Structures are given as C-alpha cells and as structure tokens.
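One structure below.
The values are calculated or read from the model by the stated rules, or taken from the named source; none is laboratory data. What you see is a predicted model, and the numbers here were worked out from it, not measured in a lab. As a convention, Cβ positions derive from the backbone with ideal geometry for all residues, glycine included, and neighbour counts pool all protein chains shown.
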Amino acid sequence: MIDITEIPKNIEAEESVIGSLLLDGDLIHGLDLLADDFYSEPNRLCFSACKQLAERGTKINQITLGQELKDRGNLELVGGVAYFSHLISVCASPLDCQDYAKIVKRLATYRSIINMGGSIAHLGYDQSVDISKTIDKVDEMVLSLRKSGTSSPIITPKQRADMMVDRYEKLYTMESGIALPTGLKKLDSRIGGGLYAGELAVLAARPSMGKTTFLLNIAKNLASKQIVLFCSAEMAVEGITDRDVAGEIGVTTNQIRQGGYDDDTYCSITGQGLSSIINRKLYFYHDMPLTCSKILQAGTSMQLRYGLGLIVIDYLGLLDDDYGRSGYERMGYVSRKIKQIAMKLDVPILAAHQLNRALEMRQDKRPQLHDLRDSGRIEEDADLVLFLYRDSYYEDNADNVTEVLIAKQRQGEGHQIVKVYYDAEHQQYRDLETNYKLEL
C-alpha cells in the first residue's frame, strides 16, 4: 500500500552531502545537484552557499561557508555554525558523497513527479484548451523532468577536448612532466617518470624484505619539494625517525636505538639528523586503529591546510576496516576505497602490502601477482604493482642487490625488472653505482 501522505525525502542523505562537502569541498564539482533538490531549507541554503563558493573558486569549509551564509543573512536560519558540526558528525564517509547525492536527486525527482501530476491534473480539468495543445504541454513537462532528473554520462568530443586542455598545458610547461619521481632514476624511467595523481601504486614483498624502508625512501626523496603524508599502521613515529636519523648521520639504526651516545654522535643526531627532518615536507599520521575513512579525512585536512602531493600507507593489510565475511572481501573493500581516495584527492597513493607465504614453497621465489595476500581487488584496483625480491633474503650472502619487479603497469609495460642497492645497515635504497656492472 502506497502512503500518499508521506513526502519523498531523506534528511540524513541531504545532511551527509553537505557534511561531505565540509570535509572535502572539491567533491561539489562532481555532484549533479541543484539547491532546489534539497527538501530541508537549512540544507538548501547551505548547498546554495557551497555552490556560490565553488563558482568563485573559494575553498569550502566551516569558516568560508559560515561567512557566506552570514553575508547572505542566512546563518541563523540554518542554525548557526553549530549546525556544521552536526552535518560532519552524521556523514559516515565523504567517499560515499555521490551515493548520498543520488538519493537526494532521486527523491527530488519523485517530488517533481508529484508536483507535475497536480499540474497535469489541472490541465485535464481545463477543457477550454485544444486537446493537442494540452498534450504538447504535458510532453514538455515530462521532457523537462527527464532532463532535470538525470545527467548524461556521455562525454562529447568537445567536452573531452576541453577536459584535456589543462592537462596538456601542464605537460607542455613542465620540463620533468607531471609524475612525481621516486628518486630511483632507473625505476622512474620504466614507470613513465614516477607516480601519477589519482593512481594507486602497490608495493608488495615478504616480511622484513624492506618494504617500509622503500616507502620511506620514496617519501623522503619527494618531501624535499612535495608535501607527503605518511600513514603508518605498523610502526610508531619514533621507530621510523630512528631509521631516518641513522641514515642521515651515517650510523646504524641499532646505534640510534641503543642510546649511550658519545658527544659527537649526540650532536649529529640533534643537529644534522633532526634538521633534515625539519627541512623535509614529510608529515605523519598515526591514529590507531587506522581506517580508510581516517586516511581520507587526514588527506582532506592536509590539502586544506598545507597542500598534498603524495599519500603513503604502511600497510593495507593492517587497515582496520570491518567489511565482508573473509579477508579476501575485506581487502577488496579496502583496495577499492583507497583507489577512490586517490581519485577524489587527485594525488598518488603508494601503499605497501604483504605477499602470501605460499611462494616460499616454490623454487623460484620471485613474486607474482597471484601471491598478493588476501588480494581481493588489489590486482584490479592498482594502477602499478611493484614487488621487492632479494637473493640474500633466502641465501647466506652479502649481496644486497634488490630486484624491483614491475608486475603490473596500467599505462605501460609490465614484467620488467629494475635492480637497486639495499643498504640494510643504514636502511636506505639507492641506484646501483656503475661499479656493480649489473645488467639492468
């Protein structure tokens, strides 16, 4: 039985749309919504103000939205700035903003159908108008509703060209291109120059192969020019910093961790070591348990406050998102969300992942894509998949040459191997020197 007394609306979905915009104002550019699509007047006023801010190129946040509503004389009508905190609190995840918007749009269309039904009924009662003209008016109303209720996913040739103007202009004016270099020159040459905005790169290896060190190497290389957010679910900031300082001053990590320094070592730690940390644009996020939603919120906050060039995650398997009935389903959810975060924030994400133990049973222990532990959709979601392999991990020798296996590259050739040197004592990766005379 249809309840014709209940007006189609979902206030929680409306509030979640506005809450998402307060967390990530750039989301508004992908929303097919009008202010009139909101049933609630406070939400309608808030969205209208958000649209105006976006059209002026002003960032959307609690401060700018509050000022815009105040300038319009509408701040008190929405309940004051306290209403913004409520909007953020009811938003489960900005990642799902498009889904909230679809609910708002669909219910607004139903309300339009109800209103149109009344208008059509009125036309039906007016027998003084020629029937053909009446039908024409009904057709116009239905066509108008069809146009306003759905947006076309088809991109015209003109729209496609317009979309790419900024991209090609940037490529033209930047000598080094738009990719973020990893700092390992041979690797960069094989992956199109480095890491690309909106793409997910996954680095996988067996435990203690040096994944965290590899991630830190790339993060530190980039942090001289780009702002990097390092999200660790495995190591505390203190442990990571011990590695950084050891590498900077040329001592082992164990020496840093054991303490009892002589005066020269202490001065090097507090001078050269900590100065290098201050001078890099490397930020750390460490809030347990770490989830996809927290990473998105941290990334959004970084973009608003400081800017953001790269997000590093160590590592996917330790993210605490609860989803599905198995590790496979959970990892599929995690990889999909992380890929969405990369696209929404328009930054590269470099994430570490573990490999299955089963590869230890093979004679050739070089990883393959099916070795990704509980991989779910990782292989499909990732734009770039890199594996680390080192003979000395399995054999008793001092050869620290590490193979970086390019297992997948969406925009380039996979199944390539790049060799780098792993300085285990100082926890660093670097390009091979010419005296190694190895075939790259």
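Restricted to region 392-406, and to residues there that are more than 12 Å from residue 421 (Cα to Cα) and of a type outside the set (Ser, Thr, Tyr), the residue that is surrounded by the fewest Cβ atoms within 10 Å (Cβ to Cβ) is 396. Inside region 35-62, residues that are modelled with pLDDT under 90 and among the aliphatic types (A, V, I, L, M) make up a count of 1.
A single entry from 315, 323, 393 fulfils the requirement of being in contact with a His (Cβ under 8 Å, 6 or more places away or on another chain) and modelled with pLDDT under 85: 315.
Candidates are the residues of region 37-62 that are assigned to a helix (DSSP H, G or I) and among the charged types (D, E, K, R); the one that is surrounded by the fewest Cβ atoms within 10 Å (Cβ to Cβ) is 55. Annotation: of all residues in region 260-276 being of a type outside the set (A, V, I, L, M) and in contact (Cβ under 8 Å) with a residue 12 or more places away in the chain, the one that is surrounded by the fewest Cβ atoms within 10 Å (Cβ to Cβ) is 272.
Hey, does region 16-36 have a residue that's in a helix (DSSP H, G or I), under 18 Å from residue 111 (Cα atoms) and assigned by TED's automatic domain parsing to the domain that holds residue 118? There is at least one residue in region 16-36 that is in a helix (DSSP H, G or I), under 18 Å from residue 111 (Cα atoms) and assigned by TED's automatic domain parsing to the domain that holds residue 118. Considering 330, 243, 257, the condition of being touching a helix residue (DSSP H, G or I) at 6+ places or on another chain (Cβ under 8 Å), assigned to a helix (DSSP H, G or I) and touching a residue at least 24 places away in the same chain (Cβ under 8 Å) is satisfied by 243 alone. The residues of region 366-410 that are farther than 21 Å from residue 187 by Cβ, without any contact (Cβ under 8 Å) to a residue 40 or more places away in the chain and either assigned to a loop (DSSP other than H, G, I, E, B) or in contact with a strand residue (DSSP E or B) (Cβ under 9 Å, 6 or more places away or on another chain) (or both), listed by number, are 395, 396, 397, 398. Here residue 209 passes the criteria (1) of a type in the set (A, V, I, L, M, F, W, C); (2) at pLDDT below 90; (3) over 17 Å from residue 352 (Cβ atoms) except the one numbered (3). Within region 34-64, the set of residues being in contact (Cβ under 8 Å) with a residue 40 or more places away in the chain and in contact with a Phe, Trp or Tyr (Cβ under 7 Å, 6 or more places away or on another chain) comprises 38, 42, 62.
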